[in-house]
Amino acid sequence: MQCRCGRGQECETRIRAVIRRCAALVKSDEDLIEDILEAARELAIVVSRGRSRYDSDFEPRRTTERLVEIIGEAAGSLTAELKQRRSDLPLREAKATRNFLIHDYGRVDHDALWQIAEDEVPRLAAALGEELRNIQHGRPSGESAQPNEGDQFQGRPEMPITRFCGASTETGQPCRHPLPTPGQECPDGHRRL
């Protein structure tokens with residue numbers, strides 16, 4: 001590495017320090033999968049509030065776009081080894097969707113984006129949740145985990161993602177009870193039509 005500014009060693013030392021800091025920012029597959037799962041859980045809350053709210057309010061649409069972007073960015077950053085090993089997963093498609101949302105934001109098909117949020121993301125999250133458990137327990141990919149008492153998924157719920165009621169509470173926060181079946185009520189009395 002040759003310094004162009006004429007400061008010589010001082011400049012090279014600074015450049016090397018920046019490179020070391022950047023290298024420390026590279027996330028592991030485990031960290032990236034956790035990012036995907038976290039975005040998928042947040043997206044499940046948006047989906048649980050229903051399509052009519054998604055269609056009538058810009059906030060859930062923008063939230064959905066951003067969370068799908070995060071999922072795509074993390075999926076694209078997974079190692080080539082994991083992508084090859086799990087070629088059954090739509091990781092390239094997730095990255096392509098992210099790129100489309102970033103670069104063609106004016107042409108978003110909200111019917112397609114809703115379908116991705118409602119159907120595709122939970123399936124991807126379920127498969128990656130299993131992959132994460134395999135990584136954490138040192139098992140080869142595809143070998144299913146045997147449930148052990150007390151074996152929590154890093155304190156997070158098992159996939160598939162639970163859909164939540166999402167009705168507004170007195171505090172303005174969304175209700176976190178599981179989504180009731182049509183015609184039933186959640187424990188707080190919110191009725192699902």
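The label point for T13 and the one for D57, both projected 7 Å from the Cα toward the Cβ, are 5.5 nm apart. Ordering S48, S87, V68 by the projection of their Cα atoms onto the charge dipole of segment 31-89, which places +1 on the Cβ of Lys and Arg and -1 on the Cβ of Asp and Glu, puts S48 at the extreme positive end.
When restricted to Cα atoms, segment 28-136 yields an Rg and a Dmax of 13.6, 42 Å, respectively.
Read-outs throughout are calculated quantities, based only on the coordinates presented, and are distinct from any laboratory measurement. Predicted model only: the values in this text are computed from it and were never measured. When we count neighbours, we look across all protein chains shown, and the Cβ atoms used for this are built from the backbone with ideal geometry, even at glycine.
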